[in-house]
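Bear in mind these aren't lab numbers, they're just calculated from the coordinates by the rules spelled out. These numbers come from a predicted model, not from an experiment. Please note: Cβ atoms are built from the backbone with ideal geometry, for glycine as well, and neighbour counts cover all protein chains shown.
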């Protein structure tokens, strides 16, 4: 059974965290920290931060760390620009950004413990969650408007869906990259751009900058169809909301988040390695309640938790590839303005 961040418990935790953060800022000043505290920079969602926080607190690290949250692009920019001068001791981040930052800055320390992952990963980070994309549906709005159920991402370009769909702008969130990867992989760049033009036309004002934007509009019935994270739709459906999902014929692509340690030589925080190991060895069960994609040998997910049509892009995911696909998306938007 998947959990949702709208539970009372999660709201209470989030509220407490916000108050605590405010108090911390007032009494110690922005950006200051105790000498013993490990600074964790993260692009992760609230659910993931809460799961990691609970894991560390439950295993003896309460008060010994602070989280600072960033958007993916913002944190990625800091990694590439600052390298080992970054304030963070630990970073959780999209793996493609970590790979590019390591190649450019050699900034991550090799982990000193083994990670028993299903797929081989670099020595300088451990994967801690993964997200898959899917088509999201509000079943009531679909029925009210007599809309056919889309089977593919290409279907979303059909005129019948104009005004009824919400998608993410790849400039705002990497969630959109899951859709762009699928289109480019299935149809090539030229046709993918044309399909994006038509999808963006259909979305109109429902082009979102946040990866959670489409699922929120689908839940609220503001749109009938969205593209977003698969596990969120699965959880909504299990809770009895009028939400369903479709695994597109082009395939469900995946983005993995990693956790690593900034290598600052003699100044590397010694607690950082312990905490990373703690999160991986003790926190995966908590994380899989929200992000059910198995990453480690022995992990299992419910039958509907992971798509049976999971795919990987034919090229390694890098910041350079992301920028290439962002340019393709931008060309599609520019074509609409002509």
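Is the shape of the stretch 147-189 best called rounded, prolate or oblate, per the rule: a/c under 1.5 gives rounded, else a/b larger than b/c gives prolate, else oblate, with a ≥ b ≥ c the square roots of the Cα gyration tensor eigenvalues?
oblate
Label sites at residue 312 and residue 268, each approximated as a point 7 angstrom past Cα along Cα to Cβ, lie 2.6 nm apart. Treating each Cα of the stretch 79-235 as an identical point scatterer and summing with the Debye formula, the log10 of I(q)/I(0) at q = 0.12 Å⁻¹ comes to -0.63. Taking all Cα pairs closer than 8 Å and separated by 6 or more residues, the relative contact order of the stretch 64-127 comes to 27 percent. What the Kirkwood sum gives for the stretch 83-161 is a hydrodynamic radius of 16.7 Å, with every pair of different alpha carbons counted. Any chance you could list P(r) for the stretch 208-286, counting all Cα-Cα pairs in 10 angstrom bins from zero, rounded to whole %? Taking every Cα pair in the stretch 208-286, the percentages come to 14, 31, 23, 20, 11, 1.
Spherically averaged projected area of the convex hull of Cα atoms, the stretch 244-338: 10.5 nm². Our estimate of slack between residue 191 and residue 113, defined as 0.36 nm per intervening residue step minus the Cα-Cα distance, is 23.6 nm. The calculated Kirkwood hydrodynamic radius for the stretch 153-292 is 17.0 Å, given to one decimal from all distinct C-alpha pairs. For a modelled paramagnetic label at residue 338, 7 Å from Cα along Cα-to-Cβ, no residue of the stretch 150-182 is in reach, as no backbone nitrogen comes under 16 Å. Could you give the distance between the Cα centres of the stretch 285-338 and the stretch 175-191, to the whole Å? With the stretch 285-338 and the stretch 175-191 each reduced to a Cα centre, they are spaced 11 Å. Relative contact order of the chain: 26 percent, from C-alpha pairs under 8 Å at least 6 residues apart in sequence. Remark: relative contact order (the stretch 61-194) = 17 percent; criterion is Cα-Cα distance under 8 angstrom and separation of 6 or more residues. With the convex hull constructed from alpha-carbon coordinates only, the stretch 38-100 shows a mean projected area of 4.2 nm² over all directions. For the chain, the longest principal axis of the alpha carbon atoms and the long axis of helix 72-82 meet at an angle near 40°.
Working note: Cα gyration tensor of the stretch 29-164, eigenvalues times five, square-rooted, sorted largest first, giving semi-axes of 38, 19, 17 Å.
Going from the fewest other Cβ atoms within 10 Å to the most, the residues 206, 231 appear in the order 206, 231. Which log10 I(q)/I(0) values, to two decimals, does the stretch 168-219 give at q = 0.21 Å⁻¹ under the Debye formula with one point per Cα? Calculated log10 I(q)/I(0) at the listed q: -0.76. Taking a point 7 Å out from the Cα of residue 277 in the direction of its Cβ, none of the residues of the stretch 128-150 has a backbone N less than 12 Å from it. Shown here: the chain, whose C-alpha atoms stretch 60, 43, 42 Å along the first, second and third principal axes, sorted largest to smallest.
Of 313, 128, 253, which has the largest mean-square fluctuation in a 10 Å C-alpha GNM of the chain? Most flexible of the set in this elastic network: 313.
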